[in-house]
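Below you'll find the structure, written out as structure tokens, and then a few comments.
Every number in this text was worked out from the coordinates using simple rules, so none of it is lab data. Predicted, not measured: the structure shown is a model, and the values here were computed from it. All Cβ positions, glycine included, derive from the backbone under ideal geometry; neighbour counts span all protein chains shown.
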């Protein structure tokens, strides 16, 4: 059987689409074939590719403006409309086909917003917590533990109840969207991970692609394994 095709979304900077190779390497290491999802201006142009993907990684990005609690802070740029529309098209296409999705940082927030949940525009301002981003920590890395919910899909994937995570975000989940549940929490109460009730979506607030030699690499194994299992009889795509 050929490796499953795993789509990877990209960022948009000055009309240049970019993807951190760490995402590509993480998918490849898990046994998937990485496929970059183009930021097409017309949804119909990207639809044939989305129908062939077996799974999807929604990567990190700028500020989401849907479902905000509070105002987007001055140091967080809003997501460009072109990227937002392309990401939503990819999310909807894979969700409709019941293919697995892994949302990372911005990607986790997108999952929550698309499911009708809300987001803190600035978790520090809204919750009075410390910085969760190096940009607000004098440029120094931010790292902390995450407590995983017992019995969650996430805890099963990584085989642990508590693990260290990196942190690079300003926004955070406020109210969970429909069909989603909390899977991990930081010591200050910030939601660090969510998952869907049907086991097809995982979202993490940190960046596991930057932690390749840790248990968090198992998230990409989960994605590739679920993508392979979802292909249907004879490995055919629907």
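What to note about this one:
- Crossing angle, helix 218-229 versus the chain [Cα axis fit, 0-90 degrees, rounded to tens]: 30 degrees
- Using a Förster distance of 25 Å, the FRET efficiency for residue 210-residue 182 (Cβ separation, nearest 0.05): 0.65
- The DSSP beta bridges internal to the chain are antiparallel in roughly 55% of cases.
- Contact order relative to length of segment 5-235, as percent, for alpha carbon pairs under 8 angstrom and 6 or more apart: 22 percent
- Segment 1-51, relative contact order in percent, only Cα pairs under 8 angstrom and at least six apart counted: 41 percent
- Structure-based [θ]222 nm, the chain - -39500 (n - 2.57) summed over DSSP H runs of at least 4, per residue, nearest 500: -8000 deg cm²/dmol
- Gain upon complete extension [residue 51, residue 77; 0.36 nm per residue less C-alpha separation]: 6.3 nm
- Considering only 14, 202, 76, the mean-square fluctuation computed in a Gaussian network model of the chain, springs between alpha carbons under 10 angstrom, is largest for 14.
- For segment 143-190: rounded, prolate or oblate by the Cα gyration tensor [a/c cutoff 1.5]: oblate
- Residues considered: 132, 169, 13. Largest GNM mean-square fluctuation over the chain, using C-alpha springs under 10 Å, is found at 13.
- Comparing 66, 172, 113 in a Gaussian network model of the chain (Cα springs below 10 Å), the most mobile by mean-square fluctuation is 66.
- Distance in nm between pseudo-label sites at residue 147 and residue 41 (7 Å out along the Cβ direction from Cα): 5.0 nm
- Considering only Cα atoms, the convex hull volume of segment 150-238 works out to 127 Å³ per residue.
- Two-site label geometry, residue 22 and residue 140: point separation in nm, points 7 Å out along Cα→Cβ: 2.0 nm
- With the simple model of a label 7 Å out from the Cα in the direction of the Cβ, residue 221 to residue 197 spans 3.0 nm.
- Relative to the dominant Cα principal axis of the chain, helix 81-96 is inclined by about 60°.
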